[in-house]
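First the structure, in the form of structure tokens, and then the observations on it.
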Amino acid sequence: MKNAGIVQEHDLPSSLAPGDSYTTTWSLDIYNCEGFARFQVQLPEGVDAEPVETARASYSFEEGKAKFIWMELPPQRTLQISLKLTADESFNGGTVTQWFSFIRNGSRKDVEFEPHHLAKSSMPEATAINTTADLGVTRDWTPTSRGSGTMTVTITGHEAGQFLKLTETLGKHKALSVLEDGGCQIRDAFDGKLVCIWQAAPAGAITVKYTLRGGEPEKVTGTIATIRDAEALEFEVAALEESTVDQEPTVAVPDPAPQRQEPVKQEVAFRVQVLATHSAVQPQTVKRIYAFPGEIRQEHDAEWHKYTTGYHTNYRSARDNRVDLSTHHNFPGPFVTAYRNEKRITVQEALLLTKQNWIP
């Protein structure tokens, strides 16, 4: 099972300013765990942590690492622990990493959860929110050799302080190197895509620049997801015109004018994942095994077959559904998942897009 059946949820902030404090809570579903356990959080340099709720664990904090240790786990299905995080003047952003070690069936298991980026707050309070300008995007290609060169994407007209996500679909290529990421908080490259996420977009133009080697620049496309007037929207970033993609680097590439992008409303929804297997199982079989009368939906993602239920536009409703499933059925650690136009995204991204709060 994914994460060995251990489900973790948290409300870590996206950013902290030096001098600021924030109390964050982790919820751990300890399905079928027994005896000794340890949860540890490695915080970026410049962040101190004070215990608020330890769930009867012994607590220590040293060199940025907070440790919760249980010699015997309490007899409950879900652990909730809290820390007060305080950033000092040396804090400059970084990544929060988290692990959980536990005993199951007499054997020790270690699970590492998804890292969380913690940015340094830097947007001045007086920064105006741009709500009237049209979002504009330019795409520029500077070749160095056949199929290789530098791609520059410039974004303007977005709302400062809002969620913003650029996804570049790169297609066939041999190598990628990011030169500028526009100060994004999260950056990742996977499955032929480059993703940059700003949890609070800066004011002014944003430039993302990267090099491709052995690629097909005329086939590179992209999307921008953002929020405007309280609505989650997605904008297409058009591909280059083939006539502008010169294979000889000595020919100058025209600088296109910004293009107004037409928004497409995004449908953001939450479901509850109840099971994940390496081998395909029919949804009816899952329902029979777990005596579950509701709808089961099957997804295939790489080597996993994932099974979900429910449809919620409100995170609280999905969370309540998860609690009900944990209470009344023997699913191995159900947890909330999120989707945008039927494509899975992180719950954190969905909460940002819909301006909802995480609930433990």
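The values are calculated or read from the model by the stated rules, or taken from the named source; none is laboratory data. All values derive from a computational prediction rather than experimental measurement. All Cβ positions, even for glycine, are placed from backbone atoms using ideal geometry, and neighbour counts span all protein chains on display.
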Filter the range 209-225 down to residues that are crowded, with 20+ Cβ neighbours inside 10 Å and in a loop (DSSP other than H, G, I, E, B) and give me whichever is nearest to the chain's Cα centre (by Cα).
220
Going by the structure shown, is residue 117 at pLDDT below 85 and in contact with a Gly (Cβ under 8 Å, 6 or more places away or on another chain)?
yes
For residues that are within 12 Å of the chain's Cα centre (by Cα) and either in a strand (DSSP E or B) or over 13 Å from residue 313 (Cα atoms) (or both), tally how many sit in the range 333-351.
8
Exactly one condition in (1) surrounded by fewer than 18 Cβ atoms within 10 Å (Cβ to Cβ); (2) on the phi < 0 side of the Ramachandran plot is not met by residue 199; state its number.
(1)
Please determine whether any residue of the range 64-72 is assigned to a strand (DSSP E or B), over 30 Å from residue 331 (Cα atoms) and not assigned by TED's automatic domain parsing to the domain that holds residue 275.
yes
Residue check for residue 207: among the hydroxyl-bearing types (Ser, Thr, Tyr) and at pLDDT below 90
no
Pick from the range 317-332, criterion in contact with a strand residue (DSSP E or B) (Cβ under 8 Å, 6 or more places away or on another chain) and part of a helix (DSSP H, G or I), ranking: farthest from residue 77 (Cα to Cα)
317
Going through the range 289-309 one residue at a time, which ones are loosely packed, with under 11 Cβ neighbours inside 10 Å, among the aliphatic types (A, V, I, L, M) and more than 19 Å from residue 343 (Cβ to Cβ)?
291
Can you tell me which residue is modelled with the lowest pLDDT among those in the range 229-248 that are within 20 Å of the chain's Cα centre (by Cα) and crowded, with 16+ Cβ neighbours inside 10 Å?
232
Out of all the residues in the range 63-91, which are surrounded by fewer than 16 Cβ atoms within 10 Å (Cβ to Cβ), among the polar types (S, T, N, Q) and either closer than 16 Å to residue 9 by Cα or within 27 Å of the chain's Cα centre (by Cα) (or both)?
78, 80, 90
